[in-house]
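The values are calculated or read from the model by the stated rules, or taken from the named source; none is laboratory data. Computed from a predicted model, the values in this text were never measured in an experiment. Heads up, the Cβs are rebuilt from the backbone with ideal geometry, glycines too, and the neighbour counts pull from every protein chain shown. The protein model used for the area step is the full one, side chains on, heavy atoms only, and it has no ligands, DNA or RNA in it. Shrake-Rupley method; radii C 1.70, N 1.55, O 1.52, S 1.80 Å.
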Amino acid sequence: MLTGNEIRKSFLDYFTKRGHTAVRSSSLVPEKDPTLLFTNAGMVQFKNVFLGLERLPYVRAASAQKCLRISGKHNDLEAVGRDTYHHTFFEMLGNWSFGDYYKEEAITWAWELLTREWGLAKDKLWATVFRDDDEAEKLWRKVSGLPAERIVRFAEKENFWEMGETGPCGPCSEIHIDRGAEACDRKKEKDHRCRVNGDCARFIELWNLVFIQYNRSADGVLEELPSKHVDTGMGLERIAAVLQGALSNYEVDFMRDLISATERIAGKKYGVDPQADISFRVIADHARAVSFLIADGVAPSNEGRGYVLRRLLRRAARHGRLLGLKEPFLHRVAQTVAEIMGGAYPELRSEQQRIFATIRGEEERFGETLEKGLVLLEEAAGRLKNQKKKRLSGEVAFRLYDTYGFPLDLTEDILGTEGIEIDQAGFEKLMEEQRNRARDAREVSQTELKIQLEREVRFVGYNRLEAESEILAIYAGGQGRVEVGEGAEVDFITAETPFYGESGGQVGDRGTVETPRGDQMEVIDTQRPTPQLTVHRGRVRKGRIQVGDRVRLVVDPAQRRRSMLNHSATHILHSVLREALGSHVRQAGSLVAPDRLRFDFNHTGALSPDQLAEIEEKVNGRIRLDAEVRIEESSYDEAVRKGALALFGEKYGDRVRVVRIGDFSTELCGGTHVQRSGEIGFFKLKAEGGVAAGVRRVEAVTGEGALDLIRRYEQSLKEIGELVRASADDAVEKVRKLLQQQKELEREIERLRGQAGKNQIPDLLAKRQNIDGANVLIAQVDGVDAKQLREIADQLREKMGSGFIFLASPADKSVTLVSSVSPDLTSRFHAGNIIKEVAPIVGGGGGGRPDFAQAGGKDPSKTSEALEAVRKKVAIP
């Protein structure tokens, strides 16, 4: 029996021997199509080839492509686990021809692989073809010898593939297998008839062969393509089930390994309890999905891909609870994912620590609220059952969301097993009320008032720092004004402006505004609340400013220049991080200011000093190339096709601005930039750290800012050298030697203190008294710290044998108390209780066990008073 790994290898080897290039799986995050949430089919990485926009160095390809689908006819997330064939993550085996071979080779090789290489029974296989595809039917009869009744024709819905409403398309031919009447899951239904493309589990599709031969024009006409292509797809999980004789995808070897991992953790067996089996399947499926998502750079968040990851993690965590697992566990199942699939997908092993840390962190955060939310949900469900109702109120669903962080879809998923639906309208009503409350509570700003004017402000500042325009509106104190006088702080809008409004991480410009009358206003900030609107915030320094005034707007050139250096450096840094750390690195936030830059990116684990040094050197290397910075406008689709990096979740218009720096950085960006990378001068990292789960942050400076930083470092080093009487070059070594000497002195002081403490032991023993047959020693010990005082107490106890010891050691601003009692006297003297009563006298607190206790205080002047209190406590006259 072939394992899943062997099936994958066998498939690729088969087509490699037939002239195909084995292409590595692309990321689950589509690099060439950021409009697509996830890679959901093997052909995604070849999409531009089919569209005629890209040429490859090969014309035949084969791959095992990792895919993720969470919606659609066959991949509804809520169905995963409830049956034995739905998945979110799956592998698609496929072979392609780009204008090379066509139908005959595709059909011949598919039939040979299934029957000759893998040994499937020919009399169990069926073929389907498009209704008008006589050629495909003839080829099937010629190649396979299938009888006419086992070659079935279907219409467009089943056997015609299209990329979209327009573009490449063509008929397809599917291979199905008859698993026998025993596989039918509807045989109890009187009128049911098993058939290919039916609605039971007896006949299942194994492989889809798509023949791309047409282009559908905008008017719907099919035009013959000059080159015809082949695109095939076969699910690894499904073919593995067939080859391994399993009726369930979850019974194949690699899925069973994942279920076994959960069995070991939960101490329960799969196949015993149908409800528990659902949870086993959910965990097995989601463990694969989240491992691959994190390996490809996705981090949990509340939007986009990150939200899907968080949803999968939380759904798996909840099903773990249903199996009795209350501690984080999914990261342990993910370890099995890496073990069984890391050979084919090495990123699972190279990113192993980041995967485990991200999963565990998300589990821990969700676990904090899950228990309380589940209790509330179970109580609500119980009440509904008692009342024989099947609808949860929107109020309860909203409280779960608002208080316990339960997304609505998670509540739906939990209640779906109980047949309970949610009052969606009621939930949305409460959500809208919350939005309104937040809106009302927020201070109405001048910017928000201006948005209502729906005027467009034209930005003219890419190539110039001065412009003349007309003031359209002024706001001061939350009210629209016609005129404002000297000293007033205002928001104002002009018809056009050279001032860059804060957006894309770049801070807004500063500068001045002046009227022909000589009135002057300082612009202290510029904001861009919408793509069409730029709002200036200013302070009138001289005269008055009126609506309708013609004004001259001048941007502070030094501030703009420094922002440009930092913004271009940010793009270079982004490209270097992706090169050094992996393509999973994606921008997760940024700040581009005149004095510094800050860049947040998806990555787990701190960067080592060597990595930071390498990154800094590579950025400076690209700056030294003095590469040209080219800026152009194009359509969004064209920009992405040419390799521009677009940030998922960003809103782009039909026309976008593409910033290219040499041949190493291409991004969509509306910010201001230098003309050549050499203008940046120098790049210096300042700090690196974590800001959220799976998100790191670096801070850096460029140009004069980098020079100033180095000058400050030099000055500090010079001052350190002067303090230690050494040159700047020798300062580090001198400080190292001084620190070593300090450590040696501290050890010597410690030794002398310890010796001094030991020397006091004979004198202390001489102070012991016999109280009602018990040895009692209450004394002050000078010149020792807390650790040494404990050691003295231990030595005294060894020498005294049976007895009660209470010691106090005052220092300049503190005092330490120690109480020790031999086991035979703890019923008479309780060390912890005595310390607890006495410690407040010296301004402290403490306690401990019956045989030993320690406390600290802030008032050493009360040491004698504390010792006297102990003497009274134990009745010493």
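Please give the per residue accessible area of the chain, computed with a probe of 1.4 Å over protein heavy atoms only, in Å².
Each residue of the chain exposes 48 Å² on average to a 1.4 Å probe.
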### Query
Under 20 Å from the Cα of LYS269, which lysines turn up, not counting those fewer than eight places away in the same chain?
LYS326
### Query
With a ≥ b ≥ c the root eigenvalues of the C-alpha gyration tensor of the stretch 311-392, is it rounded (a/c under 1.5), prolate (a/b larger than b/c) or oblate?
prolate
## Note on the structure
Checking the stretch 141-170 for trypsin sites (Lys or Arg not before Pro) in a loop per DSSP with at most 16 other beta-carbon atoms within 10 Å yields none
### Radius, Kirkwood style, for the stretch 42-175 when every pair of distinct Cα atoms is counted (Å)
16.9
### Task
For the pairs LYS9/LYS103; LYS190/LYS268; LYS17/LYS122; LYS142/LYS187; LYS190/LYS389; LYS642/LYS686, note any where the Cα-Cα span goes beyond 27 Å.
LYS190/LYS268; LYS142/LYS187; LYS190/LYS389; LYS642/LYS686
### Task
Grab the beta carbon distance between ILE876 and GLU748, set R0 = 45 Å, and tell me the FRET efficiency rounded to 0.05.
0.75
### Task
Please give the FRET efficiency for ALA181 paired with GLU117, using the beta carbon to beta carbon distance and R0 = 22 Å, rounded to the nearest 0.05.
0.20
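So what's the back-of-envelope 222 nm ellipticity for the chain, counting only DSSP H runs of four-plus at -39500 (n - 2.57) apiece and dividing by all residues, rounded to 500?
Result for the chain: -12500 deg cm²/dmol, rounded to the nearest 500.
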### Task
Using a 1.4 Å probe over the heavy atoms of the protein chains, calculate the carbon and sulfur portion of the accessible area of the chain as a whole percent.
46
### For ARG315, solvent-accessible area (1.4 Å; no DNA, RNA or ligand), Å²
10
### Summary
Simple SL model, points at 7 angstrom along Cα→Cβ for THR530 and TYR713; separation in nm is 4.7
## Note on the structure
So, over other residues within a Cβ distance under 12 Å of ALA334, counting Lys, Arg +1 and Asp, Glu -1, the net charge is +1
### Message
7 Å from Cα along Cα→Cβ at both SER864 and LYS686: what's the point-to-point distance in nm?
### Response
5.6
### Task
Return the distance in nm (one decimal) between the two label points of a simple spin-label model at ARG55 and ASP730, each offset 7 Å from Cα along Cα→Cβ.
6.8
### Query
So which chymotrypsin sites (Phe, Trp or Tyr not before Pro) in the stretch 462-497 end up in coil per DSSP with only 14 or fewer other C-beta atoms within 10 Å?
TYR462
### Query
What does the charge add up to near ARG60, with Lys and Arg as +1, Asp and Glu as -1, over the other residues with Cβ less than 10 Å from its Cβ?
-1
#### Entry: Full-extension gain in nm, GLN780 to ALA218, via 0.36 nm per residue minus C-alpha separation
192.6 nm
### Message
Assuming 0.36 nm per residue, please report the length gained on full extension of the stretch GLU633 to GLN741 beyond their Cα-Cα distance.
### Response
32.5 nm
### Query
Ordered by packing density, taken as the mean number of other Cβ atoms within 10 Å over each peptide's residues, highest first, how do 561-572, 582-593 rank?
561-572, 582-593
## Note on the structure
Per the rule of 0.36 nm per residue minus the C-alpha distance, extending GLU466 to ARG24 adds in nm 153.9 nm
## Note on the structure
Quick calc, LEU723 & GLN795: beta-carbon distance into FRET formula, R0 41 Å, rounding 0.05, result 0.45
